[in-house]
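Chemist: This is the structure I want to talk about, given as structure tokens.
The values are calculated or read from the model by the stated rules, or taken from the named source; none is laboratory data. Keep in mind that this is a model prediction, so the values were computed, not measured. We place every Cβ from the backbone using ideal geometry, glycine too, and count neighbours over all the protein chains shown. Surface accessibility is based on the protein's heavy atoms, side chains included, excluding ligands, DNA and RNA. Shrake-Rupley method; radii C 1.70, N 1.55, O 1.52, S 1.80 Å.
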Amino acid sequence: MHGVRLFGLGKCVSGYRVFVAVSVVACCAALQLSAPAQSRPDVVWLIGGTLHEDVGAVAFLPDGEHFVSTGRPSKLWRISGNRFVLVRTLHPNRISVSHNGLYWAVEEHISPSENYVVVRRTLDGALIRRIRMPYTNLDPYNRALRLAVSSDGQYVAATYLSRTYLWRCTDGTQVYALEQAGPHDAPYSAVSFSRDDQYLLVAGIGVRRVRLADGQEQIVSSVTYRSVTGVVASHDNEYIALVANHSLNYGSGQSATVYVLRTRDGAQLFSQNTPIGVFSSPVFSPDGQLLVIPGWNGILALGVPRGEWRFIIPRTSAHAVAFVPNADRLVSYGYEITLWQVGRTNWTRLADYYRALFSASFSPDERLIATNSVWVLRTSDGSEVVSLPQAGRPAFSPDGTYLAATSSSGVRIWRTADWQLERTLPGWLRVGFSPDGQALALETHDGTVFYRTSDWTAYFSLPSVNICFVGDGRQFVEHDNAANVLRVRRTADGELVRTVRLPATWQRSVQLLQSSPNGQYVMFRNVLATRWVLYLLRLSDGATAFIQTGRESSPEATFTPDGRYIVSVDRSSLCFWRMSDLRLALEYTEEIVGRPNAIVFSPSGRLFAYAREDGTLILLRNPFYRALPGDVNRDSCVNEVDLIAVLQAFGTAGAALPEDTNDDGRVDDRDLLAVLFAFGEGCS
């Protein structure tokens, strides 16, 4: 059968496929169909992520593999072997988590007179109960100081000012309320549930146990423990431990006291002034024979019930600790996440994680992604390929032969075939290969030095440290902030090609980011009246345009490899901006917490990643990526399935619609023609 050319343009397709296409058009043209749901970037995986501060607690789920860290943000983790994998962010702020990690609670502040306690399930985020807190005019903010949720999710407690409340989550009814002596005696009171969910513990002005079944109260001790920041019961409820931070000056690390009481009669078995400065509640080992205390200057383990020192782990800052269920392993969370093997008198470090990520680079084949440290991961599953120590910002060569990274001793260059060190060059701020792979630029405090990659010899240098390669790499631009100009130079010899003067209205703090893939534009960022702006400058004539991000935090930004979008990410959102009109095409807010330090696309544009200051690396799929024009379902074959999809969505509008093949925000005749012209492409 002879091929025919549709509309005299584009591709030749078989007569059979034309028949199918025309038949589908005829059958579906009159259908009135609803708009499809807006698509959003798809997270492939998240990994890493330490916050370095303000972690309130760690709790393991019953499977012994997942645990929750409560901080800003609060996160769900998985231990894979001796490796920590971030599953997802649960909440941008600190939460309170049940002992078994299955439920968590957080305060929702609406106004001084309207506050709620919200309880959710950890694994799916399902809402269990939203309870309005009683209002008191004693505190202008009316905020909860401590929250606790039971392991079965049936109860939640809150303490603030001189009051402690206990609610039943099934119906939101108040089970118990405690009025303490005065508003100034309770600010550091603590609450927690017993491991068996039979009791609520309240510590501060005395220590009380409240039976959940009927709200009956038992006074364990009438002693006033001021500045109490944590209270916890042993697994068998035989002992109660509480910690008092007398000055709450965590950095001083010398003012914390730990008390252990016998539950049945309130007798104080021992008290211990710790030399480590305690951050949060201590934890009992599952057998009840150890009390492990996290602190600013180390981790202390005491014997129970006598309080003798068993061991101390020095020179590690732990904000919170938790035992792995039914195991002799302990996780500490602070400036790093560490997995320990612990005995009665000893400890062994099994694994740790500490990385503040500020850069990333894809390999040309997109199988690998490297971050600072250097940490090389597989894009397929986030597993580690190699860790190259004492190195910073990485960059793959365009052919994938080398990986270069900065370090305090110079720029190190490794062969990717065997990860052996090839060469060390002077320079340590930033490193980048030219797109054609012929040159390597190294930035130092004194300027930028260019090397030939053929023999690693330096061939010229500049005093500027603000440059970026343009287009295919045969030219680069140098930003002279003092003179307020851009200089376009040849990469081969540094010869000046032309000078482009920047607008006089631009502030001198403007920062050069990168050039567009076609080399026609360069992008800057600047702050304008407290809001960040992305500027575009056309190199041919100096014409400018800008994107008003509307954000107060500094964005990282990049072009998609096809040049159709600018993608920016800040503390609250990730945005796709169309190059055609510089309008917002898509905004992504999930997992956007913490400060982003880098955003980078894979060479094809199929994947992109961004690195956060808290050590999180997030790999996502590009919602606008299409290997073939007209391939709506992205199965690498343009056929009747794609045609039907466009016809069903015909006339709808929205961001990132799969059927919107030209990404103009509307499914119309242009998208239909795109599918028809490409019909049959990629199909066997």
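Chemist: So what's Rg/Rh here for region 513-644, counting alpha carbon atoms and using the Kirkwood radius for Rh?
Modeler: Computed over Cα atoms, the ratio is 1.00.
Chemist: T616's amide H: which non-local residues (gap 5+, or another chain) put their own amide H closer than 5 Å, with H modeled 1.01 Å from N in plane and none for Pro or chain starts?
Modeler: It is G49, T50, L357, by chain and number.
Chemist: Same structure again: Taking the highest mean first, how do the peptides 304-313, 467-476 order by number of other beta carbon atoms within 10 angstrom per residue?
Modeler: Ranking the peptides 304-313, 467-476 by packing returns 467-476, 304-313.
Chemist: Rounded to two decimals, what is the ratio between the C-alpha radius of gyration of region 438-527 and 2.2 N^0.38 Å?
Modeler: Compactness ratio reported: 1.07.
Chemist: On to the next question. Just to check I understand the Karplus step: with θ = phi - 60° and J = 6.51 cos²θ - 1.76 cosθ + 1.60, what whole-Hz values come out for region 601-610, glycine and proline as x?
Modeler: Per residue, the Karplus-derived 3J(HN,Hα) values read 9, 5, x, 7, x, 5, 10, 8, 9, 9 Hz.
Chemist: From the backbone phi of region 63-77, what are the Karplus-calculated ³J(HN,Hα) couplings (6.51 cos²θ - 1.76 cosθ + 1.60, θ = phi - 60°) in whole Hz, Gly and Pro given as x?
Modeler: Coupling constants for region 63-77: 6, x, 10, 9, 9, 10, 10, 9, x, 10, x, 9, 9, 10, 10 Hz.
Chemist: Ignoring any ligand, DNA or RNA, what whole percent of the accessible area of region 606-684 comes from carbon and sulfur when the probe is 1.4 angstrom?
Modeler: Of all accessible area on region 606-684, carbon and sulfur atoms account for 52 percent.
Chemist: Quantify how much of the Cα-Cα distance distribution of region 493-578 extends past 14 Å, in percent. Kindly include the intermediate steps, with their values, before the conclusion.
Modeler: Working: 2339 of 3655 pairs.
Distances greater than 14 Å cover 64 percent of the Cα pairs.
Chemist: For region 215-225, in order, what is each residue's ³J(HN,Hα) by Karplus, 6.51 cos²θ - 1.76 cosθ + 1.60 with θ = phi - 60°, in whole Hz (x at glycine and Pro)?
Modeler: x, 6, 10, 10, 7, 6, 8, 9, 6, 8, 10
Chemist: Another question, if that's okay. What's the Cα-based Rg to Rh of region 309-434, Rh via Kirkwood?
Modeler: Across region 309-434, the Cα-based Rg/Rh ratio is 1.10.
Chemist: Residues of region 428-472 with the amide nitrogen closer than 13 Å to a label point 7 Å from the Cα of V497, along Cα-to-Cβ, please.
Modeler: 435-436, 468-472
Chemist: So what's the gap between the Cα centers of region 147-177 and region 624-684, to the nearest angstrom?
Modeler: Each part reduced to its Cα centre gives a spacing of 53 Å.
Chemist: Can you give me the long-range amide H partners of A57? Hydrogens built in the peptide plane at 1.01 Å from N, cutoff under 5 Å, separation of 5 or more residues or another chain.
Modeler: Answer set, sorted by chain and number: T70.
Chemist: Shape of region 61-130 from its Cα gyration tensor (a ≥ b ≥ c, root eigenvalues): rounded if a/c is under 1.5, otherwise prolate when a/b > b/c, or oblate?
Modeler: Prolate, since a/c reaches 1.5 and a/b exceeds b/c.
Chemist: So with the 1.4 Å probe, I'd like the accessible area per residue for region 445-543, rounded to whole Å². Could the numbers behind the result be given before it?
Modeler: Numbers: 4670 Å² over 99 residues.
That works out to 47 Å² for each residue.
Chemist: With a 10 Å radius around each residue's Cβ, average the other Cβ atoms per peptide and rank 400-408, 113-121, highest first.
Modeler: Peptide ranking by packing, descending: 400-408, 113-121.
Chemist: Also: Would you pull out the residues with amide H under 5 Å of Q475's amide H, same chain only if 5 or more places away, H placed 1.01 Å from N?
Modeler: Amide H to amide H, under 5 Å and 5 or more residues apart or across chains, Q475 pairs with V470, T491.
Chemist: At a 1.4 Å probe, what is the % contribution of carbon and sulfur to the accessible area of region 385-426?
Modeler: Answer for region 385-426: carbon and sulfur cover 45 percent of the accessible area.
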